[in-house]
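Notes follow the structure.
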Amino acid sequence: MVLSEAYLVIGGPQGSGLETSAQVLTVAFASRGYGVVANREYHSNIMGRHSYVVFTVNSRRLVGHLSAPFHVAAFMDAESVFTHFEEVSKGSIFVYDRDVEATPLEKVVSMEPARRARVERRLRELGVEPTVGGVVEHLRSRGVRVAGLSFRGILERLQSRYQVPRGRLRRFTSAIVAGAVAGALGLDAAALEEGFRYRFRRREHLVEPNVYTAMLAAEEVRGQAGSIDLEPGSLELGEALVVTGNEAVAIGKVIAGVRFQSYYPITPAQDESFYLEEHELLDAGGERLGSVVVLQTEDELAAIAAAIGAALTGARAATATSGPGYDLMVEGLSWAGISEVPVVVTLYQRGGPSTGMPTRGSQEDLLASLFAGHGEFPRIVLSSGDHEEALRDAVTAANLAEKYQLPVIHLLDKFLANTVKMIELPDPAGMRVERGVWEEEPGPDYRRFRLDAPTHPISPRAPLGGAVMWYTGVEHDEYGHVSEDPEMRMKMMEKRMEKLSLADREIPERGERAVLYPGGEKPSSIEMLILGWGSVKPVVLEAVERLRREGVAAAYLHLRYFQPFPARYVYALVKGVKEHGGKVVAVEHSYRAQASMVVEMNTGLIVPYKVVKYTGRPIYLHELLEALREIHAGKTGRVVLRFGE
Amino acid sequence: MESRAVEQGGAPPPAGRGARRPEDYRTPLWVDWCPGCGNFGILTALTQAFAELGLEPRRTVVVSGIGCSGKTPHYIYANGVHTLHGRAIPFATGIKLANPGLTVLVVGGDGDLLGIGAGHFVALGRRNLDITVIMHNNQVYGLTKGQASPTLPYGVKTKALPKPNIQDMVNPIALALASGYTFVARGYALDVKGLKELIKQAIRHRGAAFIDVLQPCVTYNDVYTVQFYRRALYRLEDDPDWDPLVRSPEEAPEKMARAVAKSMEWGERIPYGVFYVDPTKPSFEERLEKRLPGYLDQPPALQRVEQAGKPTVTREHLRRIFGEKIVQVNPARRGRR
């Protein structure tokens, strides 16, 4: 059977070049006209712990979802074999290092005790000898096409051909894995070469020996296990961006005109600031577009404070962080609220609480993004579902912040941050930069918090440096001077909160704040309305399509704004679906399905069905489909997903 | 314009033409510090220094934290940013970096700068950003009724404390030196003229400047009183051999060691004046200009990022800036091997 879509996994110890394999493969597939997405799973560790990358490759369109069982699995070490052996099925190609065949489970010291116990139990149940060789034999007996490569042997051949110093040979393990996948899926040397060129941009001399190594592995795999028939890629994009979510947001910020970003290093947000800093010169081949100041601060208290300070001067300013850092930023958020400062906080959610699971994904911070901060103040909270949205929303977030003079929280998560995806090159000509209301020529009597402006409740801004004004975190009068007068308090409170009502009137609910897929669907014709947000979008969209093919009239309501919440639209839709006997199901990465709580709070309607996952691993298509089918069949109301190591 | 009614909480009359006077830098607000508070001396010294330097109010920003000193910006006719407890320095950092053409000062209390904001205090020294930090040092938390601050020595019992202070004091001068401030001085709130001169020097200094201002709290601190300081204080400059200026980078270690040694004097005799000045170390703005040529002319606040509602960045710019992330998609070219 010829496949149009394939699922792959590669694994190895952290620090062993797995990321290189992933990047090379992603680019190789993209360059051959395949839609490709790659999600990286790793521990909070620099070297030695198990990490793996899961891919979906599609020959006809851009993709964002993941699924299993995997058609191809290629592993560097024994731990990967023990960890993932049940994620392949009959006909899959399974590549491993023959040199570790004798390694018993007990010798895999880097494996966590909990997982080891689980694997041990499972092998006992299956009656499989607890060695790599035992596992491989088991797979072979189940119809998996196994290819055992001698990594050492391949590296020896590399050594004799290119005289690579012995100490550096292990660095080519990444090429073996990339080559193994290429061999299993019929990707040619030229495509791999594109991948290695992308990876070793300024170290061209590494390309040839890497391609050589990869092709040795590819041929070996084909010889031992044959290959899987994947349709040729047919995407005619001309050019595409291959970026992580972090990078997509950074590019969006550059387009938005964010020229000041402060941050404190935290996983998984830091790569965004790093990437911005790498391109701080905005050097467009000789033409300079200005520059971005990226400041690494001493903590997140300072990161948000510095971003606010920069915003007061009229610069577009932002900061990027994750849960624990966001907690520290909350005091600054409250200050930005009372002082009406346009500042963007890009918040990458990871598993909490506390340090939680720093390198794993979650959607647990929705409620915190909405409610953290003392006192009442307006803020806008929007979230992005994929790389394309994340890039565009980085621009939107900056616009909204300045338009309504308030903090904007742009919610993303680890899944999106670290996932490499192929997307179309965006065209900024189709985007807007809206800088809000400014006082053209502020006089000596300039009132920053003017209450009688024609644009009320928006007071025209002036930058520090362009007028004399005062800001304070204390309740204040029109000039920004401290005031505890009860009437002034009421006026200022009302002015600030009315900005949220204004935003609620001005930002379209349908299509912007919430998006229904398929678009024209009537509530009466929806059998199952899935509510979701953020990075569940690609997998839910895929599930909806499959369900519809199975005859289930499913639809997906993608929630993008949580403040101002698209209450009227969501109310009408949810109520309509329920009245016609349809089921409303939340799909989320949190224990409580936090978005469903926000829906309930804003609409007064209950979301009765929930599919949740809180392992920190992404939701896979196969497990989601199963869960939705069960709910559709009336078997259960709540499904907890758990696939993925 | 002069006739504009001054409302409660309003702005002051604008500065007159010609040379500015200290009173041109005052807002008409009633100052609500305790009568006799050392803050009055600091406020006066600030406005005098501003007048003598002829600072443009629009181009000057006074950033404060929380507490009695936090109110200072409201009494000054220049931009004022009254921030969060401990965070005046990072707010000021963002302001200065986004628009380095502005003159930026931080006024804060000892609790603000060396307690809750100590990390930021150190960070500013490391950056040597061109900001002047003026610390109102009265050794107590005034607005919360007299708790010990980080500059109150161990064992001292002021009248508001139920028990003698159980924590040691931090040495602000030594901390500033160790952190990398390139202008470090101590002033006295009641020596307004001397303080004014220090503030002028600090503002003119290119780099992070710190002035530890001893400021008697008449309400809560009955140990470090005016009488105490009158007896204890002596001027560094009275010693003809005292030379705090670093003339070349090689001189810095020795000058700093002397300044640190001097800063250990606390008790019967307390030195004040300029401890250390190093104009040879590059400021953060200069370091940035090196990395980002053109930064000083086109800092974040002055860059145009929008043209008729559209981004100034085009698709072609993206191709050139982020070209390394672009992959040519070529499904037709297959099996070249």
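The values are calculated or read from the model by the stated rules, or taken from the named source; none is laboratory data. Since this is a predicted model, take the numbers as computed values, not measurements. Positions of Cβ are generated from backbone atoms using ideal geometry, with glycine treated the same way; all protein chains shown enter the neighbour counts. Protein only, heavy atoms only, side chains kept; ligands, DNA and RNA dropped before computing areas. Shrake-Rupley method; radii C 1.70, N 1.55, O 1.52, S 1.80 Å.
Values computed for the structure shown
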item	result
Extreme residue, nearest to A:Phe172 (Cα to Cα), among residues of segment A:197-211 that are part of a helix (DSSP H, G or I) and open to solvent by less than 50 Å² (accessible area, probe 1.4 Å)	A:Asn210
Residue check, B:Glu285 more than 14 Å from chain A (Cβ to nearest Cβ) and in contact with an Asp or Glu (Cβ under 9 Å, 6 or more places away or on another chain)	no
Residue check for B:Arg320: without any contact (Cβ under 8 Å) to a residue 40 or more places away in the chain, open to solvent by 80 Å² or more (accessible area, probe 1.4 Å), within 9 Å of chain A (Cβ to nearest Cβ) and assigned to a loop (DSSP other than H, G, I, E, B)	no
Criterion violated by B:Ala308 - all others in (1) under 20 Å from B:Gly125 (Cα atoms); (2) open to solvent by 20 Å² or more (accessible area, probe 1.4 Å); (3) of a type outside the set (Lys, Arg) satisfied	(1)
Selection within segment A:410-447 - closer than 26 Å to A:Trp470 by Cβ and among the aliphatic types (A, V, I, L, M)	A:Val437
Residues located in segment A:140-194, provided they are in a helix (DSSP H, G or I), closer than 20 Å to A:Tyr7 by Cα and either among the β-branched types (Val, Ile, Thr) or within 14 Å of chain B (Cβ to nearest Cβ) (or both)	A:Ile176, A:Val177, A:Gly179, A:Val181, A:Ala182, A:Gly183, A:Leu185, A:Ala191, A:Leu192
Checklist (1) in a helix (DSSP H, G or I); (2) open to solvent by 10 Å² or more (accessible area, probe 1.4 Å); (3) closer than 25 Å to B:Gly155 by Cβ applied to B:Tyr229, failing item	(2)
A:Gly581 vs. criteria over 26 Å from the mean Cα position of the chain (by Cα), surrounded by fewer than 23 Cβ atoms within 10 Å (Cβ to Cβ) and part of a loop (DSSP other than H, G, I, E, B)	yes
Matching option when the condition is at positive phi, more than 9 Å from every other protein chain (Cβ to nearest Cβ), assigned to a loop (DSSP other than H, G, I, E, B) and in contact with a helix residue (DSSP H, G or I) (Cβ under 9 Å, 6 or more places away or on another chain), among B:Gly86, B:Gly36	B:Gly36
Pair list, Cβ under 7 Å, 6 or more apart: segment A:466-478 residue in the same structural domain as A:Asp452 (by TED's automatic domain parsing), other residue among the aromatic types (Phe, Trp, Tyr)	A:Ala467/A:Tyr446; A:Val468/A:Tyr446; A:Val468/B:Tyr77; A:Met469/A:Tyr446; A:Trp470/A:Tyr479; A:Gly473/A:Trp335; A:His476/A:Phe449; A:Glu478/A:Phe449
Extreme residue, modelled with the lowest pLDDT, among residues of segment A:283-310 that are farther than 30 Å from A:Thr419 by Cβ and more than 7 Å from chain B (Cβ to nearest Cβ)	A:Gly286
Single match in A:Val27, A:Val9, A:Val95, A:Val81 (criterion: open to solvent by less than 10 Å² (accessible area, probe 1.4 Å), touching a strand residue (DSSP E or B) at 6+ places or on another chain (Cβ under 7 Å) and either part of a loop (DSSP other than H, G, I, E, B) or under 26 Å from A:Ala627 (Cβ atoms) (or both))	A:Val9
Test: A:Lys583 is free of Cβ contacts under 8 Å to residues at least 60 places away in the same chain and within 18 Å of A:Ser67 (Cα to Cα)	no
Qualifying position, being aromatic (Phe, Trp, Tyr) and facing another protein chain (nearest Cβ under 9 Å), among B:Phe121, B:Phe91	B:Phe91
Within segment A:152-183, tally of residues that are touching a Lys or Arg at 6+ places or on another chain (Cβ under 8 Å) and closer than 21 Å to A:Tyr52 by Cα	1
Options A:Glu280, A:Glu272; residue that is in contact (Cβ under 8 Å) with a residue 12 or more places away in the chain and away from chain B (no Cβ under 11 Å)	A:Glu272
Number of positions in segment B:264-305 that are open to solvent by less than 10 Å² (accessible area, probe 1.4 Å), hydrophobic (A, V, I, L, M, F, W, C) and either part of a loop (DSSP other than H, G, I, E, B) or not assigned by TED's automatic domain parsing to the domain that holds B:Val213 (or both)	2
Of all residues making up segment A:213-250, the number that are closer than 30 Å to B:Phe322 by Cα, part of a loop (DSSP other than H, G, I, E, B) and hydroxyl-bearing (Ser, Thr, Tyr)	1
Close pairs from segment B:254-274: first on the phi > 0 side of the Ramachandran plot, partner modelled with pLDDT of 95 or more and open to solvent by 50 Å² or more (accessible area, probe 1.4 Å), Cβ under 8 Å, at least 6 apart	B:Gly273/B:Arg235; B:Gly273/B:Glu237
Flag for B:Ala160 being more than 14 Å from the chain's Cα centre (by Cα) and open to solvent by less than 30 Å² (accessible area, probe 1.4 Å)	no
Residue list for segment A:586-634, restricted to those being in contact with a helix residue (DSSP H, G or I) (Cβ under 9 Å, 6 or more places away or on another chain), over 27 Å from A:Phe70 (Cβ atoms) and free of Cβ contacts under 8 Å to residues at least 40 places away in the same chain	A:Arg592, A:Asn602, A:Thr603, A:Gly604, A:Leu605, A:Ile606, A:Pro608, A:Tyr609, A:Lys610
A:Val221, sole failed condition from (1) crowded, with 24+ Cβ neighbours inside 10 Å; (2) within 23 Å of A:His410 (Cα to Cα)	(2)
Count of residues meeting criterion [crowded, with 22+ Cβ neighbours inside 10 Å, among the aliphatic types (A, V, I, L, M) and assigned to a loop (DSSP other than H, G, I, E, B)] in segment A:608-645	1
Where a residue in segment A:537-551 is without any contact (Cβ under 8 Å) to a residue 40 or more places away in the chain and its partner, wherever it lies, is not β-branched (Val, Ile, Thr), with Cβ under 7 Å and at least six apart	A:Val544/A:Tyr517; A:Val544/A:Ala554; A:Val544/A:Ala555; A:Val544/A:Tyr556; A:Arg548/A:Ala554
Residue check, A:Gly520 part of a loop (DSSP other than H, G, I, E, B), at positive phi and small (Gly, Ala, Ser)	no
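Every residue, every condition in (1) open to solvent by 30 Å² or more (accessible area, probe 1.4 Å); (2) touching a residue at least 60 places away in the same chain (Cβ under 8 Å); (3) not assigned by TED's automatic domain parsing to the domain that holds A:His558, yes or no:
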| site | (1), (2), (3) |
| --- | --- |
| A:Pro486 | yes, no, yes |
| A:Glu494 | yes, no, yes |
| A:Met497 | yes, yes, yes |
| A:Pro518 | yes, no, no |
| A:Lys522 | yes, no, no |
| A:Ser525 | yes, no, no |
| A:Leu529 | no, no, no |
